[in-house]
Amino acid sequence: MLVILLFGPPGCGKGTQGKLIVEWLPARIPTISTGDMLRGEIAAGTPLGLQTKSVIAAGNLVSDELVNQILRARISRPDCQNGFMLDGYPRTVEQAEYLDTVLAELGMPTPVVLHLDVPADVLVGRMVSRRNCPKCGRMYNVLTMKPKVDGICDDDGTALATRADDREDIIRDRLKTYADVTRPVLSHYPGDRYFQIPGERSTQYVFEEITEILERFLAEEAAAPKATAPESANAAAEAAQPVR
Ligand code: AMP
């Protein structure tokens, strides 16, 4: 079981790498993006969406209490039994401590932290040119990953949108929050499970570096002693069931 934490400033490529990683991994695991979950709540007009809409549009962080609650509910679901990948969580030291507690309760391992490091000036340029399809969620970039027809999703013909918080002034605030509040979270993780990856290079190059790291953990897991008696395999699987 692998718990992967994709870490890095907004716009560093977590979403793009996350998709490639889950397609590549031998076991099916979900990607959990707290940002996507919150945008989903806003789009559906739920009470949580209404509560968080203005905070997100202003580029501020949603309270630890709210985010921790949605995270806990999500990783307790059965599709997380083989592990999962987090994108955009934890973003504060309090969230990292909370995650430790929940992982221990669920009998899950310490995360492997993949830190995509990209200089701030590169990030601003990347984010102002980001577009997404509001229907299927596919991401584009008007400079580097253009749709076939300007402003239209290749997959479903929907008009592309820009995220409310991808405005230059708000991007700068988000980057400051990252530097002040989120980056310090890295000191929370042990050195042997933390990997800093320069994220400025091509998508493929970054992905290859990530797969080399993950291959080591997959090999370790394959070599780890399994339960001895055949019937105990079921017991181990049951013990790994989420606590509800
Ligand atoms: P993202 O898509 O990860 O860039 O997240 C978009 C926005 O959602 C952030 O700027 C925050 O307002 C909010 N958000 C997402 N994840 C978290 C989190 N772990 N803690 C607090 N706020 C979050």
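The values are calculated or read from the model by the stated rules, or taken from the named source; none is laboratory data. All values derive from a computational prediction rather than experimental measurement. Glycine also receives a Cβ, built like all others from the backbone with ideal geometry; neighbour counts cover every protein chain displayed.
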Just to be sure I understand, how many residues within the stretch 162-196 are surrounded by 15 or more Cβ atoms within 10 Å (Cβ to Cβ) and outside any helix (DSSP H, G or I)? 8
Restricting to the stretch 64-92, and then to whatever is of a type in the set (D, E, K, R) and not in a loop (DSSP other than H, G, I, E, B), can you tell me which residue is farthest from the ligand (Cβ to nearest atom)? Asp79
Within 10 Å of the ligand (Cβ to nearest atom), under 14 Å from the mean Cα position of the chain (by Cα) and closer than 23 Å to Pro10 by Cβ, is that true of Leu116? no
Among the residues of the stretch 26-33, is there at least one that is out of contact with any Leu (no Cβ under 9 Å at 6 or more places or on another chain), under 13 Å from Ile210 (Cβ atoms) and touching a residue at least 12 places away in the same chain (Cβ under 8 Å)? no
Just for the stretch 5-40: of the residues that are charged (D, E, K, R) and surrounded by fewer than 21 Cβ atoms within 10 Å (Cβ to Cβ), which one is farthest from the ligand (Cβ to nearest atom)? Arg28
Lone qualifier among Glu209, Glu215 - being modelled with pLDDT of 90 or more, of a type in the set (Asp, Glu), surrounded by 12 or more Cβ atoms within 10 Å (Cβ to Cβ) and outside any loop (DSSP other than H, G, I, E, B): Glu209
From the list Leu61, Leu143, Leu123, Leu103, exactly one residue is out of contact with any strand residue (DSSP E or B) (no Cβ under 7 Å at 6 or more places or on another chain), in a helix (DSSP H, G or I) and hydrophobic (A, V, I, L, M, F, W, C). Which is it? Leu123
With the structure loaded, tell me whether Leu20 is of a type in the set (A, V, I, L, M) and under 29 Å from Asp169 (Cβ atoms) or whether it fails that test. no
Taking the conditions exactly as written (more than 28 Å from Met1 (Cα to Cα), free of Cβ contacts under 8 Å to residues at least 24 places away in the same chain and not β-branched (Val, Ile, Thr)), does Gly125 satisfy them or not? yes
